[in-house]
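Working notes, beginning with the structure itself.
The numbers here are math on the coordinates, done by the rules we state, and not lab data. As the structure is a computational prediction, the values presented were derived from the model and not from experiment. Note that each Cβ is placed from the backbone with ideal geometry, even for glycine, and that neighbours are counted across all protein chains shown.
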Amino acid sequence: MLIFNLLLRNVWRHKGRAALTFLGLLVATLAFGLLSTVVSAWYAGAEGASNARLITRNSISLVFPLPISHAERIRQVDGVSSLSWANWFGGIYKEPKNFFPQFAIQPESYLNAYPEYLLTEAERTDFLRDRRAVVIGRKIANSYGLKVGDNLTLKGTIYPGDWEFQVAGIYEGRQTSTDTAQLFFHWDYLNEEAKRRNLPRSQNTTGVFIVQIAEPARAAEISLQIDSLFRNSAYETLTETEKAFQLGFVAMTEAIVVAIQIVSYVVILIIMAVMANTMAMTARERTGEYATLKALGFSPQFVAGLITAESLMLAVFGGIAGAVITFPVARTFGDAMGTIFPVFEVASQTTVMQLILALIVGLVASVIPAWRASRIRIVEGLRAI
Amino acid sequence: MTITAVPLHYSLRNLWVRRVTTLLTAGGMALVVFVFATSLMLDAGLKRTLVATGEPDNVIVSRKGSTTEVQSAVERSQAAVIAALPEVAVIGEPLASREIVMLISLAKKQSGKVSNAMIRGMEQTGVTLRRKVSLMEGRMFRPGSNEIVVGRSVRAQFAGVELGESLFFGGRQWYVVGVIDGARSGFDSEIWGDVNSLMQSFRRNAYSSIVIRLTDPQHYDTLVDRLNNDPRITLAAKREADYYAEQSAGLSRFIQILGLTLAGIFSVGAIIGATITMQAAVASRTAEIGTLRALGFQRQSILLAFLAEAVGLALLGAVVGLMLAAMMQWVEFSTTNFQSFSELAFGFELSLGIALASLAFGVAMGVAGGMVPAIRAARIGIVEALRCN
């Protein structure tokens, strides 16, 4: 207890310096936490993806559609329990910066395939009944202040013209990690309009099929079987699990993710330099004291331990404060980014990593000063001022 | 009363005396300046690449409302109308290229993961329209053939696109017969082939866009008016340079916001580091400061001396950080552009402006970190200071 008291008093001896170091650690831990959260937001789509769902798309690339007639043949593949489809719409809501994904879906089967999108019974019925109805996620509703019954216009980029919809429901996510920044509307409506507006290449086509399978273990086999149905046809397919499909998107922007990760470790290096500096200065100023301790008979290990413990104490205080403050800051940041990051949650691993890194910073920063202090020759130390 | 300045080398030699501390503090600042400079360089590189792609007298005509060529569709009849407009330059035949732009999934060389490459089908005039693009190896694709040429970066990034290799897509084998050098423009990240062969393979009836050369860049406005007033036409014209500048908007905004936010947050850490160091310097030199004051140096001179020390510290960090950043110029960065959804390679571009901004940022950190300790040093009274030892 006495030692603990000594440590505390040592930490607070230079109040200004301790406060600044603490603040530095807090900022660094916070920055690291935010960056990790940005990275995990990148993976959010893949995180929420299921292995019991397969995605079938055109083998050339996603921008090529598949004919809707594929549906019948896929349904007959052994192991397929149900089938739905979704088509990327790519409309602009008011301004290009208001980005959120919009899909034209086969309504009943799609909502059945994604039970994590929670709608009330009334909302669901309303959506299914009206062809011009849309369902939007909670995050979109909150970001743009939309309510059930509101009208909503999207300006098409792939499908030209203005498209009018009415909000029939706002879905909630089953978990906090569920993506609630999407908009869904009737594929039938898109298809009819495409015919009416004379958009030939958009008729009777879809971007992807969502294939539900009963046994996830058979995913690879069923994927191969589906693709072999259409091999050498005009519209060859590529089928993979939803998780692999989503990870594919992450891989496309991998360079950015890697850059963010590197940078988030740079911040740790920066703070390590600051902290190491603090400890080096502290130890240098107290050379005389350490020599006195040794003269009193304390072992070199004790002196080294004293410095290490002091460094750790500062680092851990700063780390804990930074980890705690990450939560409100992340929430504010996530809200400010709106629908760009559909899921922006601080993962528990992030908090753990923050604390571990604070510990490492504290340890590394004290290594050299502790080693030096333990090797001070008493006479020299006492002579120093 | 004249204010005598404390000699500059007093400040600088103090930095040298505390080598380890100076190094650690300057090291922290160097990393911050590095992050600051590289994010600006990356943004500049992206913009340069995409702006360099456009030529001042070329115009891209695509469907109204589409933001990229990939989304656009131009009917054959409309394309014919565009090529016959009087604003289009004619050398023997109109300098207009009907093009199709699509994405194909290819595996990346390093990770083996799949990404989208942009493939552009064009007429032979399309090659002439891109003055900056030159053939690096092999030869151009022949009209009507299933030959393709790949951009320099495509060859560097993707697997299976070496000269002599072939790709299979759209039910056909496509042979790589040449490598093109886009002079560090977006064309380095494209694959080119014959428009008719590609349309047939992709089963597309409509073009994506039509690129024309104006007789005079100033005729752009008349062209826009003509298109707007013609009820047959549902197309919009855009200068090639503007079109490509817009393609960079999303990614550029992202890099800027992320980079500058980070540099901002990190600089707080570095400023704190500088403050701690300078506070310690002031505290350990109280007697010295008293002596200086007793010798007749004014408070302002003391303030400036310590500020100079902090700025010297920061400048050292900034220079090191900038040198590290300058080395990034040899690194090529490749990622999917948000706008076009296709892989785009670009570099880190260091300009004089960025270098100066980075140094200024470093100095600002030094001033911010050194101000409080310097004021404290200046406030020290002579008597107490001299008594303190």
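Evaluated at q = 0.24 Å⁻¹, a Debye calculation over the C-alpha positions of the stretch A:291-345 (equal weights, vacuum) places log10 I(q)/I(0) at -0.87. For the stretch B:99-141, the equivalent ellipsoid derived from the alpha-carbon gyration tensor has semi-axes of 25, 14, 8 Å in decreasing order. Relative to the Cα centre, the charge distribution of the stretch A:173-283, modelled as +1 at Lys and Arg Cβ and -1 at Asp and Glu Cβ, gives a dipole magnitude of about 240 debye.
In angstrom, the C-alpha Rg and Dmax of the stretch B:193-304 are 31.9, 90. Cα centroids of the stretch A:52-94 and the stretch A:343-377: 49 Å apart. For the stretch B:316-366, the equivalent ellipsoid built from the Cα gyration tensor has semi-axes of 28, 12, 8 Å, listed from largest to smallest.
Kirkwood Rh over alpha-carbon pairs of the stretch B:58-215, then Stokes-Einstein at 20 °C and 1.002 mPa s: what D in µm² s⁻¹, rounded to an integer? Value of D from the Cα-based Kirkwood radius: 135 µm²/s.
The mean number of Cβ atoms from other chains found within 10 Å of a Cβ in peptide B:263-269 is 6, as a whole number. Here the ratio of the Cα radius of gyration of the stretch A:235-344 to 2.2 N^0.38 Å is 1.82. Legend: P(r) of the stretch B:133-258 from all alpha carbon pair distances, 5 Å bins from 0, whole percents, reading 2, 9, 14, 15, 16, 16, 14, 9, 4, 1.
Among residues other than B:T22 with Cβ under 14 Å from its Cβ, the summed charge is +3 (Lys and Arg +1, Asp and Glu -1). So how far, in whole Å, is the C-alpha centre of the stretch B:282-342 from the one of the stretch B:92-154? Their Cα centres are 47 Å away from one another.
With Cα atoms as the point set, the radius of gyration and Dmax of the stretch A:1-122 evaluate to 26.5, 80 Å. Averaged over peptide B:249-261, the number of partner chain Cβ atoms lying within 10 Å of each residue's Cβ comes to 2. Taking Cα centre as origin and charging only the Cβ of basic (Lys, Arg, +1) and acidic (Asp, Glu, -1) residues, the dipole magnitude of chain A rounds to 1680 debye. If one computes P(r) from the Cα atoms of chain A, what percent of pairs lie at distances over 28 Å? When all Cα pairs of chain A are counted, 59 percent exceed 28 Å.
Shown for B:V195, B:V211: other C-beta atoms within 10 Å of each C-beta, ranked fewest to most, produce the order B:V195, B:V211. Within the P(r) computed for the stretch A:190-252, what percentage of the Cα pairs occupies the region above 21 Å? Within the stretch A:190-252, distances greater than 21 Å cover 43 percent of Cα pairs.
Binning the alpha carbon pair distances of the stretch A:176-287 at 5 angstrom intervals from zero yields the distribution 2, 8, 9, 10, 12, 12, 11, 7, 5, 5, 4, 4, 3, 3, 2, 1, 1, 0, expressed in whole percent. This model, with +1 at the C-beta of Lys and Arg and -1 at the C-beta of Asp and Glu, gives chain B a dipole about its Cα centre of some 1220 debye. As a rough guide to protection, the peptides A:369-376, A:277-284, A:324-331 ranked by mean Cβ packing within 10 Å, highest first, stand as A:277-284, A:369-376, A:324-331.
Just how far, in whole angstrom, is the stretch A:272-293 from the stretch B:201-215 if you go by their alpha carbon centroids? That distance is 71 Å. Candidates A:A291, A:L363, A:S143 compared by Cα position along the dipole of chain A: farthest toward the positive end lies A:A291, with charges placed on Cβ.
Relative to the globular-protein estimate of 2.2 N^0.38 Å, the Cα radius of gyration of the stretch B:273-389 stands at 1.59.
Simple rule: put +1 on each Lys or Arg Cβ and -1 on each Asp or Glu Cβ in the stretch B:121-196, find the dipole, and look at B:V127, B:V154, B:G144; the Cα lying farthest toward the positive end is B:V127. Other protein chain C-beta atoms within 10 Å of residue C-beta, averaged over A:259-267: 4. Normalised by 2.2 N^0.38 Å, where N is the number of residues, the alpha-carbon radius of gyration of the stretch A:8-71 equals 2.35. For the listed residue pairs B:K132/B:K238; A:K139/A:K243; A:K155/A:K243, the alpha carbons are over 26 angstrom apart in A:K155/A:K243. Counting neighbouring Cβ atoms within 10 Å and putting the fewest first, the residues A:I378, A:I68, A:I136 line up as A:I378, A:I68, A:I136. Think of the stretch A:241-342 as a dipole: +1 on every Lys or Arg Cβ, -1 on every Asp or Glu Cβ, centred on the Cα centre; then among A:V263, A:V329, A:G305, A:G305 lies furthest on the positive end.
If we count every other residue with Cβ under 13 angstrom of B:R285's Cβ, Lys/Arg +1 and Asp/Glu -1, where does the sum land? Charge balance near B:R285 sits at +1. Calculated on the alpha-carbon coordinates, the convex hull of chain B measures out at 176 cubic angstrom per residue. Each 10 Å bin from 0 upward holds the following percent of the Cα-Cα pairs of the protein assembly as shown: 3, 12, 18, 20, 17, 12, 9, 6, 3, 0, 0.
According to the Kirkwood relation over distinct C-alpha pairs, the hydrodynamic radius of the stretch A:228-288 is 16.5 Å. Packing-based ranking of B:29-36, B:378-385, B:185-192 yields B:29-36, B:185-192, B:378-385, ordered from highest to lowest mean Cβ neighbour count within 10 Å.
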